[in-house]
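S.K.: Mind having a look at this structure? Questions to follow.
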Amino acid sequence: GDTMTIFLKMKDNKIVDARFVTDGCMTTIVAGSMACELAIGRTIKDAYKISDEVILESLDGLPEESTHCALLASNTLKETLADYLSCKNEPWRRPYRKK
């Protein structure tokens with residue numbers, strides 16, 4: 001299946017930049033791009049609210065067979081936020097985290 005990784009730049013508990021890489025199809029690229037665009041300027045708490053439904057709505061929908069791409073983008077963003085919080089609270093864990 002498709003994979004995605006999102007990278008966040010934080011300042012004062014706000015997302016100031018978001019980028020991603022994926023090995024997915026064009027629809028996955030579009031969903032990842034929208035997830036990053038929606039995240040910029042938000043706090044971590046607000047970024048957690050970016051669901052697959054929010055991404056789909058922002059894109060004016062996707063073909064039925066491609067809606068899973070929005071779910072991948074949303075889940076990846078939430079995993080990245082959780083990883084950030086984990087490393088922020090315990091920075092010594094950063095080199096030891098699972099890849």
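What follows draws every value from the coordinates through simple rules; no lab data is involved. Small disclaimer: the values here were computed from a predicted structure and weren't measured. Using ideal geometry, Cβ is built from the backbone for each residue, glycine included, and neighbour counts are taken over all protein chains shown.
S.K.: Kindly list the number of the only condition in (1) over 21 Å from N13 (Cα atoms); (2) in contact with a Ser or Thr (Cβ under 7 Å, 6 or more places away or on another chain); (3) of a type outside the set (D, E) that fails for A70.
M.R.: Tallying (1) over 21 Å from N13 (Cα atoms); (2) in contact with a Ser or Thr (Cβ under 7 Å, 6 or more places away or on another chain); (3) of a type outside the set (D, E), A70 fails exactly one: (2).
S.K.: Continuing with this model, one more query. Kindly provide the set of residues from the range 43-74 that are of a type in the set (D, E) and touching a Cys at 6+ places or on another chain (Cβ under 7 Å), ordered by number.
M.R.: Once the filter is applied, which keeps residues that are of a type in the set (D, E) and touching a Cys at 6+ places or on another chain (Cβ under 7 Å), the range 43-74 yields nothing.
S.K.: Among the numbered conditions (1) surrounded by 19 or more Cβ atoms within 10 Å (Cβ to Cβ); (2) more than 29 Å from N89 (Cβ to Cβ), tell me where C36 comes up short.
M.R.: Here C36 meets the rest and fails (2).
S.K.: Considering only residues of the range 1-15 that are out of contact with any Gly (no Cβ under 6 Å at 6 or more places or on another chain) and closer than 26 Å to C25 by Cβ, which is surrounded by the fewest Cβ atoms within 10 Å (Cβ to Cβ)?
M.R.: G1
S.K.: Something else now. Identify the residue in the range 39-75 that is in a loop (DSSP other than H, G, I, E, B), free of Cβ contacts under 8 Å to residues at least 12 places away in the same chain and charged (D, E, K, R) and, among all such residues, is surrounded by the most Cβ atoms within 10 Å (Cβ to Cβ).
M.R.: Per the criteria, the residue is K49.
S.K.: A further question follows. Conditions: (1) assigned to a helix (DSSP H, G or I); (2) surrounded by fewer than 12 Cβ atoms within 10 Å (Cβ to Cβ). E79 meets all but one. Number of the miss?
M.R.: Result: E79 fails condition (2) only.
S.K.: Say whether the condition of being under 13 Å from the mean Cα position of the chain (by Cα), surrounded by 15 or more Cβ atoms within 10 Å (Cβ to Cβ) and in a loop (DSSP other than H, G, I, E, B) is met by at least one residue in the range 16-31.
M.R.: No, because not a single residue in the range 16-31 is under 13 Å from the mean Cα position of the chain (by Cα), surrounded by 15 or more Cβ atoms within 10 Å (Cβ to Cβ) and in a loop (DSSP other than H, G, I, E, B).
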